[in-house]
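Structure first, then comments.
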Amino acid sequence: MKTLVLTALLSALAIPAFAADMVEAPPEPVATEVVTAFDWSGAYIGIQAGGSWLNGEFSADGDSADQDFNGGFVGKFIGYNFTFDNFVIGAEGDINYNWNDNNYRVGGVRGDVGTDWSGSLRARLGYSFDRVLIYVTGGWAMTNAHVDQTPGKNWDRNFNGWTIGKGIDYAVTDNVFVRAEYRYTDYSDRNFGGVKVDLDQHTATIGVAYKF
């Protein structure tokens, strides 16, 4: 009798252990990579080039003339961005060398006009879609213009005005991005030996930059 009781007791104790052996251990969790959006924050510096369409309006002695001075330019830019969720705000400056000389004639005065150096200091506001940044920009702009009159004198003066535009940046790598931008600039007017000169400009730009 004792032997039967002992055998039954051992069998009862073995069943939970056997059942535990039959239960499979849960699989180990698979590590997942967390993908974060590209961060546009920080400083950057780049080079740019493009086409420019400069228009000059000249008036003197009751007469006026309108002349286009189209050409190209090459330059560099530097800036800094701050990111708030998908919104990007920042500041940027650029300096360029222009090739856009042309001749004009107004009344009894004729001459040659062109701009050499130009630059701007601007604010930027954009919205990012990961590695794509669409932005608008605007601020102060200047250019150095030369006016060579016949008969008359030769002048080399700075024009100051404002600029506004829009563009798109695309991050090719974590540190390099490319750019396409359009801007309109009004350089206002100045008087050169009795001739009022008013300059405004359209530019189309491509560029590449390094982000630190």
Practice problem: Beta carbons within 10 angstrom, averaged per residue: use that to sort the peptides 136-145, 188-197, highest first. | Solution: 136-145, 188-197
Quiz item: With every protein chain left in place, what is the accessible area per residue of segment 42-87 in square angstrom, probe 1.4 Å?
Solution: 53 Å²
Exercise. Show the residues, 5+ positions off or on another chain, whose built amide H is closer than 5 Å to the amide H of Asn100.
Key: Thr115
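Please label the shape of segment 105-212 as rounded, prolate or oblate, based on the square roots a ≥ b ≥ c of the eigenvalues of the alpha-carbon gyration tensor (a/c under 1.5 means rounded; beyond that, a/b larger than b/c means prolate, else oblate).
prolate
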Quiz item: If the cut-off is 16 Å between C-alpha atoms, which aspartates and glutamates fall inside it for Lys211, apart from same-chain ones fewer than 8 positions away?
Solution: Asp39, Glu92, Asp94, Asp130, Asp169, Asp174
Quiz item: Tell me, what ³J(HN,Hα) does each residue in segment 64-76 have, in order and in whole Hz, if you take phi through Karplus 6.51 cos²θ - 1.76 cosθ + 1.60 with θ = phi - 60° and put x for Gly and Pro?
Solution: 8, 8, 10, 9, 8, 10, 9, x, x, 7, 9, x, 9
Quiz item: HN-Hα J couplings of segment 82-88 from phi, Karplus 6.51/-1.76/1.60, θ = phi - 60°, integer Hz, Gly and Pro as x?
Solution: 10, 10, 10, 6, 9, 8, 10
Exercise. Could you calculate the FRET efficiency of Val208 with Phe84 from 1/(1 + (r/R0)^6), where r is the beta carbon distance between them and R0 is 25 Å, rounded to 0.05?
Key: 0.45
Quiz item: Under 5 Å between amide H atoms, partner at least 5 residues away or on a different chain: which partners does Arg110 have, H built in plane at 1.01 Å?
Solution: Thr150
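The values are calculated or read from the model by the stated rules, or taken from the named source; none is laboratory data. All figures in this text were calculated on a predicted structure; none of them were measured in a lab. Methodologically, a virtual Cβ is constructed for each residue, glycine included, from the backbone with ideal geometry; neighbour enumeration extends over all protein chains shown. What goes into the accessible areas is simple: the full protein's heavy atoms, side chains included, and nothing from ligands, DNA or RNA. Shrake-Rupley method; radii C 1.70, N 1.55, O 1.52, S 1.80 Å.
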